[in-house]
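Please treat every number below as a calculation from the coordinates, not as lab data. Since the model is a prediction, treat every value here as computed from it, not as a measurement. As a convention, Cβ positions derive from the backbone with ideal geometry for all residues, glycine included, and neighbour counts pool all protein chains shown.
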Amino acid sequence: MADQNTTSTTQTWTHRWTFVLAAAGSAIGLGNLWKFPYMTGENGGSAFVIAYLVCIVLVGIPIMMAEAALGRRGRHSPINSMRGLAKEAGVSRMWELVGWVGALSGFLILSFYSVIAGWAIAYAVDMFSGVFQGMLPEQVEQSFEALALDPVRMSIWHGVFMAMTGFVIARGVHNGLESSVRIMMPALFILLLLLLGYSITETGHFMQAVEFMFAFNLDALTEEALLSAMGHAFFTLSLGMGAIMAYGAYMPKKASIARTIGIVAVLDTTIALVAGLAIFPLVFANGLEPGSGPGLLFVSLTSVFAVIPGGQIIGGLFFLLVVLAALSSAISLVEPLVAWVIERTPLSRLAATVVYCLMVWLLGIGTVLSFNEWSGEEYQIFGMTFFESMDYLTANITMPLGGLLIAIFAGWIMKRAHIAREMNLSSGYFNLWRALCRVVAPAAVLIIFITNISD
Ligand code: TRP
């Protein structure tokens, strides 16, 4: 691919752990802290959690390995990597579409992701300034509703978050990305463990939460919960849109893909489960509704911070870390497309970033309005608000579709010797991965897709 300008991809991560940190930074985000708990609540608890874990192991990890391998072999932004790899394999340039589907997913996801991250900024600010101190759980719930009903306030915080994202992207991968994830991720994990400790010792409802999340109850598993679980596995591991491919392109040749991806997936899953185990005891102890939807994280934890000693500081720190976790994920939603624009057009990184972030902000206004002006039925598409349809379209359609194509490409199209060299596994493990990638993962995605569409 000597004909292409390679400015964005000749760099590699400065340290062998940096890929792990950056990929973990992408994977760990609002998906773990905000979306996983509320989806578990809405889909009835353990049946969803079990389906999610199965999807992570059988579908998520094999596809994540494939994505990293394609990125590292392609060494460009996802769109150009796919083009180069298709050429190498002697197949149609149409495979470049995988990169485009990914770019579209990233754009749509970020538009609502940023609105929720904006809530977290608002909460960090209010928490530090003591707004919630002494509030009862009902009052906390009302104040969340007040935020959701205020489109102007939401649009401003959503804009602040997009500006933060743009700032990091504009500074470039090294300065912007690496330094931030190194400190943030461990800090977030420690704070979550502290909250878990509180939930175990102080609420008296810890076992009820464990049962809610883990009791073996496959009767409760509906097709819809299965689709949501698979969609969430894609969402939480940042799959099917090129984010992992883009980071894989910066990965040193020597690093083991299986080991690094394994570590990232375990970290990601652990954080989601710990978040659930910290949040649900509070939900039950305060008589809140587990299925109450996107406000769950904001209401449950905030009602604890409102009453515990030092809650003002601890709560402020917690939401600050949520914002930072969201930021390291948002970056990975922007980077693939910006990298492509720089490779292909005369635009500078700064200009590409500014234009892109503005467009995302505008689309995000649709999500902002979904909670207030546009919450009525006359604004719904297939019975979903704008926010819900963005979420549904990406998690249940474009990401699994991207993942399916990536699995087929890595499993069936690429020369065995090429993919084997990237994986660098003993033949037993390689064959296991290949079977998952060629058959199990595509079949699972297709079956779940088709049963859902036929309903
Ligand atoms: N994985 C992130 C989370 O759980 C969200 C995310 C970041 C993402 N980059 C992505 C999702 C790429 C899909 C694709 O919060």
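Some points to look at:
- Compared with the dominant Cα axis of the chain, that is its longest principal axis, helix 296-305 is turned about 50°.
- Rounded to the nearest Hz, the phi-derived 3J(HN,Hα) couplings of region 348-363 under the Karplus curve 6.51 cos²θ - 1.76 cosθ + 1.60 (θ = phi - 60°) are 7, 4, 5, 5, 4, 5, 4, 4, 5, 5, 5, 5, 5, 4, 4, 4, where x marks glycine and proline.
- Relative packing of peptides 331-339, 52-60 - highest average C-beta neighbours within 10 Å first: 331-339, 52-60
- Residue separation of LEU218 and VAL152 scaled by 0.36 nm, minus their Cα-Cα distance, works out to 19.4 nm of gained length.
- Using θ = phi - 60° in the Karplus curve 6.51 cos²θ - 1.76 cosθ + 1.60, the 3J(HN,Hα) couplings for region 78-87 round to x, 4, 6, 4, 4, 5, x, 5, 5, 5 Hz; x is entered for Gly and Pro.
- Packing-based exposure ordering (other Cβ within 10 Å, fewest first) of ARG259, ARG171, ARG75: ARG259, ARG171, ARG75
- In terms of packing, defined here as the mean over residues of other Cβ atoms within 10 angstrom, the peptides 432-438, 443-449 line up highest first as 432-438, 443-449.
- Net charge dipole size for region 242-363 [Lys, Arg +1 and Asp, Glu -1 on Cβ; Debye, nearest 20]: 440 debye
- Cβ-derived FRET efficiency at R0 35 Å, TRP17 paired with TRP412, nearest 0.05: 0.60
- The length gained on full extension between ILE313 and ASN424, counted as 0.36 nm times the residue separation minus their Cα-Cα distance, comes to 35.2 nm.
- Estimated FRET transfer efficiency (GLU211, VAL266; beta-carbon r; R0 30 Å; 0.05): 0.80
- Which of ARG73, ARG421 has the fewest Cβ neighbours within 10 Å, and the rest in rising order: ARG421, ARG73
- Pairwise centroid distance, computed over Cα atoms, of region 365-431 with region 83-152, Å: 15 Å
- For the chain: relative contact order, % (alpha-carbon pairs under 8 angstrom, 6 or more apart): 36 percent
- Cβ-derived FRET efficiency at R0 45 Å, LEU193 paired with GLU378, nearest 0.05: 0.45
- By the count of neighbouring beta-carbon atoms within 10 Å, fewest first, ILE116, ILE28, ILE314, ILE183 end up ordered ILE183, ILE314, ILE116, ILE28.
- Translational diffusion of the chain, µm² s⁻¹ [Kirkwood Rh, Cα pairs; Stokes-Einstein; 25 °C; 0.890 mPa s]: 111 µm²/s
- To the nearest ten degrees, helix 311-344 and the longest principal axis of the Cα atoms of the chain are 20 degrees apart.
- Residues whose amide H lies under 5 Å from that of GLY130, counting only those 5 or more places away or on a different chain, are absent; hydrogens are built 1.01 Å from N in the peptide plane.
- Rounded to whole numbers, the Karplus 3J(HN,Hα) couplings from phi for region 406-421 are 5, 4, 5, 5, 5, x, 10, 8, 5, 4, 3, 5, 5, 5, 5, 5 Hz, using 6.51 cos²θ - 1.76 cosθ + 1.60 with θ = phi - 60°, and x at Gly and Pro.
- Label-to-label distance, nm, for residues given as ARG171 and LEU136 (7 Å Cα→Cβ offset): 4.5 nm
- Rounded to 10°, Cα long-axis angle of helix 441-453 versus longest principal axis of the chain: 60 degrees
- Set of aspartates and glutamates with alpha-carbon distance to LYS415 below 13 Å, sequence-local pairs under 8 removed: GLU88
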